[in-house]
Each structure stands twice: as C-alpha cells, then as structure tokens.
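The values are calculated or read from the model by the stated rules, or taken from the named source; none is laboratory data. Fair warning: this is a prediction, and the values are worked out from it, not measured in the lab. In this analysis, Cβ positions are derived from the backbone assuming ideal geometry, glycine residues included, and neighbour counts consider all displayed protein chains. Calculation scope for accessible area: heavy atoms of the full protein, side chains included, ligands and nucleic acids excluded. Shrake-Rupley method; radii C 1.70, N 1.55, O 1.52, S 1.80 Å.
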Amino acid sequence: MRETSIETKCIHEGYKPGNGEARQIPIYQSTTFKYDTSDEMGQLFDLEKEGYFYTRLQNPTNDAVAAKIAALEGGVAAMLTSSGQAANFFAVFNICEAGDHFLASSSIYGGTFNLFTVTMKKMGIECTIYDQNLPEEEINKLFKPNTKCIFGETITNPTVNIFDIEKFAGIAHKHGVPLIVDNTFATPVNCQPIKFGADIVTHSTTKYMDGHAVGVGGCIVDSGNFDWMAHADKYPGLTQPDESYHGVTYAKHFGKAAYISKATVQLMRDLGCIQSPQNAFYLNMGLESLPVRVRQHCSSALAIAKYLESHDKVAWVNYPDLESSESHELFEKYMSGASCGVLCFGIKGGRETCVKFMDTLKLANIETHVADSKTCLLHPASHTHRQMTEEQLLEAGVAPDLIRFSVGLENPEDIIADLQQAFDQI
Ligand SMILES: *Cc1c(COP(=O)(O)O)cnc(C)c1O
C-alpha cells in the first residue's frame, strides 16, 4: 500500500476513536486522574506502568496532538510545550548541563539567540555561535570535548535562508552529537528534517501549525535515531540511573524514545512548561488544515516575491523559492516544492523610508508575529532583534533595512494592491 500522505496524517494521526467515542479529540480539562488502588498509583511514579496521573507530566489531549506531530515529522514520539521558547530550551537542556557547551547558528530567531547566549549562559551552559555558510573544516574547529549538540533552523527567521541539514547532520554525527533543527517555518508539509539526518526537531506551534494566532505553543519531536548508549560518557543524564526515579536509566528503559521520555518525566515534571489541553485542542484544529493553508501561504508569497523583485523601489528581495535567492539551491534539495509564507526585502532609501512604508500599509499590520492567516510585517532591527548590536545583526545576516513580510491567507492581489499604494507614497 502507498505511504499515507501528509494531508491524511494531518486529519487522522494521533487519535483513533473507539466505537461510540467522540470523533474529535476530547479536551481533557482535568489536572488529575483517579486510580482504584494505591499500588497502581505507585507503579506510575516508578515508571513501571504507563498512565496519566497529573497533567503537568502528561495529558491525553496533549499526547494525541503530540503523536500527530511526531507522525508528521517521522519521529518516534513528541512532547508539547507551553511555547516555542520552552521547546528549544528543553531540547538543549535535556542533554546539556552546567559545564557543557553547544553550537548554534547565528541565523536563528532573536528569542532563541537570547535564550542560548544570555540566559543559558547564566546556567553555566556555553553556546558558540557559528556562521552556517562556513565550510565543514571551520565548523569542526568549534567543537570542544564538552560539546553536546548542534542547533539550526530549517528556514531561518527572519532572513529566510535554508539550513544545509545533511551537512550539519554529518558534522554532528562525526563528533558523536545530535543535530537539533527548529522546523517552525518550513513545517513538515515542506520539509521533514529527520529524513535528512536531524535527530531532534522543534517547533514553535504558535506559527503555521496553529495558523490563526490563537495560542502560543511548542513541540519537540524525537527521531529515535541517536544512539545515546554509543556515546554514554557524553550523556550521563540519559545513560546513567536517575535517582529521582529510583534509578531508572532512560536509554535502557525507554529504548528509542529515551530522549523524549526524559524530557517529559524529568524536565516537564520539574520545570512545568506544559501546554494547556485547551490550547492543544486549538493546535489540533490548525493541524487539520495545515497542508491546505501552507500551500496557499506559499503560492501567495511567491507571487508577492515576484512582484517585489520587479518593483523599482525595492533594493533587494530574499525568498528561497526565487531563483535569485542565495538559498535557491538548498531550497531545491530540501523543500518539497515550496518553502514558507515569509519573505524579506529591503527598500531603497534605507531605514527611514522603510519605517514610512510600513506605517503607510493598511491591510498588512505591524505585528510581532509571523505565519498566521493575517498578513503582517516587522522590522527586526527596530523590533525583535533590537537587543542585538549592529555587529551581531550583520553576523546574523539581518540588514538594517530588512523587512520581514509574512503573507497571510487574504487574496494575494489585495496584498499586492496594499503594497502598491504604500510604494506610491514613498
Ligand atoms: C517564534 C519562534 C520561536 C519561539 O516560539 P514562541 O512560541 O514564540 O515561544 C522559536 N523559533 C522560531 C523559528 C520562531 O519563529
């Protein structure tokens, strides 16, 4: 039989109702779960038996939605988090502790950059930022004996360049560490990083997966492919007994789902960044229509990118689907026909003209958001990346005149008309 398509998975994975049961995933709006005997509850605490006992650790609504995302990404299991920030923090913190080191691309979301280089530093975890265009020999030099993972974004926010997943998976594996990829912008509709060697995939589900700007959320997907036991000395948290669970060793007890099980029963238990079941329900509504929406976002974005490229007031445009994009070759390798609905461009006349232009738009709103149904835009140098120095901005490839434009689900002709009236006024 043919492999089930992503459209069908988006509808059916994660939840199969039994006879006479609710067709849609029920919202288990309950903090706790009841047991008949004390002994059964004890077994849950010892991880000897699977079951729900407290929503901070696991909840059936969240688990159904996480299982759907795991299926979409081709992973063995997944865990929902309260935000994309929590997902990226947990993804790294699950295998890095004080005294450890990891590598992250300079072309990443501003919030992630801050988390990795400022906040995690205070926890004693050191992050070296690399330029993802560097050749392999240069990246190799950045490794230290205490390096525990490499991090990058499939499509970088806000510069929309494409990460060479196979290259970095190869480098990571040569050094015996996993590759973590944030797949927020591409979504599994356009790219499944695990197929190209990524070990862990993260999401800000706040973006296309939700798609309607209703709930902040995140997700971590475990490919199950990284052999923790083969690098046991590097990952004691996974390969040595956890005293807080009567000595369970995750890599032995949970096999291929060791990483995600540890993140759930240990990090989520202790740090508690859960997604509410209500938000998981909304997220699932978004997932059901994800492929249909993503395809429309992308075809509109391509039309708008072409319009901008031909406009004489536009200094430059970057959209990976355009042949002129520096990422076009990687686009052809990694994306299945389209990248995302976000593009970026600069306007002739520099920063002040950019600001005037943005203020003149009517349909497109200035918002700290991307990837939902409403067209919006942002000027990273004045907004999301304002904490960065000019030097850090340049290193991250964020030009001072860069406008990040997120194409919504309005008719693309209307979006172009709005852009046109704004260009006419500058
Ligand atoms: C938005 C975003 C995040 C952070 O997610 P939140 O849900 O806002 O916490 C992380 N990575 C990328 C690529 C994002 O776009």
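To the nearest Å, what is the center-to-center distance of region 208-274 and region 65-139, using C-alpha atoms only?
13 Å
Using a probe radius of 1.4 Å on heavy atoms only, what accessible surface per residue do you get for region 177-308? Whole Å² is fine.
Details: 4240 Å² over 132 residues.
Spelled out: the 1.4 Å probe surface of region 177-308, per residue, equals 32 Å².
Around LYS348, under 14 Å between beta carbons, what's the net of Lys plus Arg minus Asp minus Glu among the other residues?
Details: positive: LYS313, ARG351, LYS356; negative: GLU309, ASP312, GLU352, ASP401.
So the surrounding residues net to -1.
Give me the percent of accessible area attributable to carbon and sulfur for the chain, probe 1.4 angstrom.
Details: 9000 of 17500 Å².
That fraction is 51 percent.
Positive end of the charge dipole of the chain (Lys, Arg +1 and Asp, Glu -1 on Cβ, about the Cα centre): tell me which of PHE196, VAL65, ILE426 has its Cα farthest that way.
Result: VAL65, furthest along the dipole toward the positive end.
For region 189-271, calculate the relative contact order in percent as a whole number, restricting contacts to Cα pairs under 8 Å that are 6 or more residues apart. Display every interim value, and only then the final one.
Values: 88 pairs, mean separation 16.0, N = 83.
Relative contact order of region 189-271: 19 percent.
Highest mean first, how do 312-320, 101-109 rank when packing is the count of other Cβ atoms within 10 Å averaged over residues?
Values: 312-320: 18.4, 101-109: 22.9.
My ranking of the peptides, most packed first, is 101-109, 312-320.
Rounded to the nearest whole Å², what accessible area per residue is found for region 1-135 with the 1.4 Å probe?
Numbers: 6630 Å² over 135 residues.
Ligands and nucleic acids excluded, the result is 49 Å² per residue.
What residues of region 24-63 lie in the reach of a label at GLN278, counting those whose backbone N is under 18 Å from a point 7 Å from the Cα along Cα→Cβ?
25-32, 55-56, 59-63
Quick check on region 387-426: what does the Kirkwood estimate of hydrodynamic radius come out to from the alpha carbon pairs, in Å? Display every interim value, and only then the final one.
Working: mean 1/r = 0.0798 Å⁻¹.
The answer is 12.5 Å.
Among VAL292, ILE274, TYR307, whose Cα sits farthest toward the positive end of the charge dipole of region 238-322 (+1 at Cβ of Lys/Arg, -1 at Cβ of Asp/Glu, about the Cα centre)?
VAL292
Taking GluC sites (Glu not before Pro) that fall in a DSSP loop and have at most 10 other Cβ atoms within 10 Å as cut points, what is the longest piece of the chain between them? List each step's numbers first, then the result.
Numbers: sites that count: GLU3, GLU21, GLU50, GLU323.
Value returned for the longest uninterrupted segment is 51-322.
Roughly how many debye, to the nearest 20, is the charge dipole of the chain about its Cα centre, given +1 on each Lys and Arg Cβ, -1 on each Asp and Glu Cβ, and no other charges?
About 420 debye.
How big is the antiparallel share of DSSP beta bridges in the chain, given as a percent to the nearest 5?
Numbers: 24 of 41 bridges.
Beta bridges within the chain, antiparallel portion: roughly 60 percent.
P(r) for the chain: what percent of alpha-carbon pairs falls in each 20 Å bin, starting at zero?
Here the calculated profile for the chain is 26, 56, 17, 1.
What residues of region 320-337 lie in the reach of a label at LYS306, counting those whose backbone N is under 14 Å from a point 7 Å from the Cα along Cα→Cβ?
Under 14 Å, as judged by backbone N against the label point of LYS306, lie 321-324 of region 320-337.
Given 0.36 nm per residue, what is the gain on full extension from HIS246 to THR117 after removing their alpha carbon distance, in nm?
Value of the extension gain: 43.0 nm.
In region 339-377, what trypsin sites (Lys or Arg not before Pro) fall in a loop by DSSP, with at most 12 other Cβ atoms inside 10 Å?
Values: sites: LYS348, ARG351, LYS356, LYS362, LYS374; in loops: LYS348, LYS362, LYS374.
In loop regions of region 339-377 (DSSP not H, G, I, E or B), the sparsely surrounded trypsin sites (Lys or Arg not before Pro) are LYS362.
Between the DSSP loop rule and a limit of at most 13 other Cβ atoms within 10 Å, which trypsin sites (Lys or Arg not before Pro) in region 76-171 are left? Walk me through the numbers before you get to the answer.
Numbers: sites: LYS121, LYS122, LYS141, LYS148, LYS167; in loops: LYS141.
When the trypsin sites (Lys or Arg not before Pro) of region 76-171 are filtered for loop state and at most 13 Cβ neighbours within 10 Å, LYS141 remain.
In a shell of Cβ-Cβ distance under 10 Å around ILE11, excluding ILE11 itself, what net charge do Lys and Arg (+1) and Asp and Glu (-1) give? Intermediate values should be presented prior to the final figure.
On the way: positive: LYS9, LYS68; negative: GLU7, GLU13, GLU288.
Around ILE11, the surrounding residues sum to -1.
Considering the dipole of region 126-262 built from charges on the beta carbon (Lys and Arg +1, Asp and Glu -1) around the Cα centre, which of THR159, THR187, THR239 is farthest to its positive end?
THR239
Please give the peptides 227-240, 56-69 ranked by average Cβ packing (other Cβ atoms within 10 Å per residue), highest first, as a rough proxy for protection.
Details: 227-240: 16.4, 56-69: 22.8.
Ranked from most to least packed, the peptides come out as 56-69, 227-240.
Relative contact order for the chain: what percent, with Cα pairs under 8 Å and sequence separation of 6 or more? It would help to have the intermediate numbers written out before the result.
On the way: 847 pairs, mean separation 71.5, N = 426.
This gives 17 percent for the chain.
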